[in-house]
Structure formats: structure tokens, C-alpha cells
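So the structure is just underneath, and the comments pick up after that.
Where a number appears in this text, it was derived from the coordinates with a stated rule and is not lab data. Worth saying up front: this structure is predicted, and the values here are computed from it rather than measured.
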Amino acid sequence: MAGDVVLVSEMEHHANIVPWFQLREQTGIEVRFIPTTDDYRLDLSGLDELMRGVRLLSITGMSNVLGTINPINELAAVAHRYGALIAVDGAQSVAHQPTDVVALDVDFLIFTGHKMLGPTGIGVFWTREDILDAMPPFLGGGGMIADVRTDGYTPANGPTRFEAGTPPSPRRSDCTRPCSTSRPRYDQRRATRTRIGGRRPHETRARFRRSCSRDRTE
């Protein structure tokens, strides 16, 4: 709603920026950005000021642009100290390192199947049970209801209320396999040698730096 603040970072995937801009256009929320340092880490020096009035901190666990692994535990502690929730884009991090939502103390974790060698078009949205129970369904149809009457309906309990229509059962089955398979730990030295989109990491980071500098001056 108008006046609410969502805090993201400059190193986010577009999928964790554009939806907040769309919500800003629809409801009038404010979108703030955590800046990035010259060595491609989050600049947390002004985090306390940025957190004032924030309802949600939405942050990547591992940047798909820079390879930076963010301190999620630290960020979760700060968010909760200010009464905010924290959502983690785990599309990169879940595929490269063990992920324990309890130990991380996050409120939401979102990741996709195809980054773990699973199928495209399916992913995982995890949240704490108390938050899930308080969330209303946003799609209507078969499968998401417990009861339908001429005077209304009762949604199903748990995650089922968010899964209207026929589920993509084959994709769902194929997505569970990568989630339960042991994976080698993330090797940052190997990642440093890897080309990103046809460019070496330092070239990609230079483009990222120029983009952020241009945004700050516009």
C-alpha cells in the first residue's frame, strides 16, 4: 500500500526489481536500493538509514551478475530488528550451496527448477507457516478450494490454496530430484574463471559498475 517501503539491492536480477516497480505504479510503494561497493559487495554502511520504514527486504542470496554471496544471516537479523520481513531470491544460491531456511532465519525463499538442472517453468516458493496461513489466495479455480457454495467458497488449507487448476505434475516430479540430490559446493575460483554471457567476469562487472553509476547520476 502507499507509504510502504521495499528495499532491494543494485545487484538484483530484473525479476527482483521490475515487479516492485510495477507495484509502485499500482499502489504507490517506495523502492529503495542498497548500493554496491567497488569490490562488488553490498555497501551496508548506510543500512540502518535505508531500513527505516521498510516492510520488506528482498535480496539475492547470490548475484547472477557478479557471483557475490550475500550475508543473509546478517541481513535477516537487521530486517527483523526493524520489524521487516526478508525475502531471498535463491535461484543462484540454492543450486550452489546447502540452504537451511531455519538457520538463515528468513521469511521467504524463492528459487527455480532450471538453475538446478531441473525443468523450466516451475519453481519453489517457501515461507513460514504462520505467514502462509495469513496469505489469501490470489488465483481462483479448481484444486484451490475446500468447498464451493452458491453464497461463496472456502479455500483449501496450506499451499494448496495457491495452486489453482491442474498442476504440472511431471515438472513437479522432475523438480524434486535436483532438490534431493547432493551437489558439489560452490567453487568461487572456478566461477572466477568462467565466462558470463560471453564475457569474462571483470568485463561483466565493469558494465555493471557503469550501469549503476549512470543510474545514480540520472
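Size check on segment 74-142: the Cα extents along the three principal axes, sorted descending, read 37, 35, 14 Å. For segment 1-127, the fraction of alpha-carbon pairs lying more than 22 Å apart is 33 percent, rounded to a whole number.
Quick one: plug the Kirkwood hydrodynamic radius of segment 1-42 (C-alpha pairs) into Stokes-Einstein at 4 °C, 1.567 mPa s, and report D in µm²/s. Don't skip to the answer; put the middle values down first.
Working: Rh = 10.9 Å.
In µm²/s, the coefficient is 119.
List the relative contact order of segment 87-136 as a percent without decimals, with contacts defined as Cα pairs under 8 Å and 6+ residues apart. Once normalised by length, the contact order is 32 percent.
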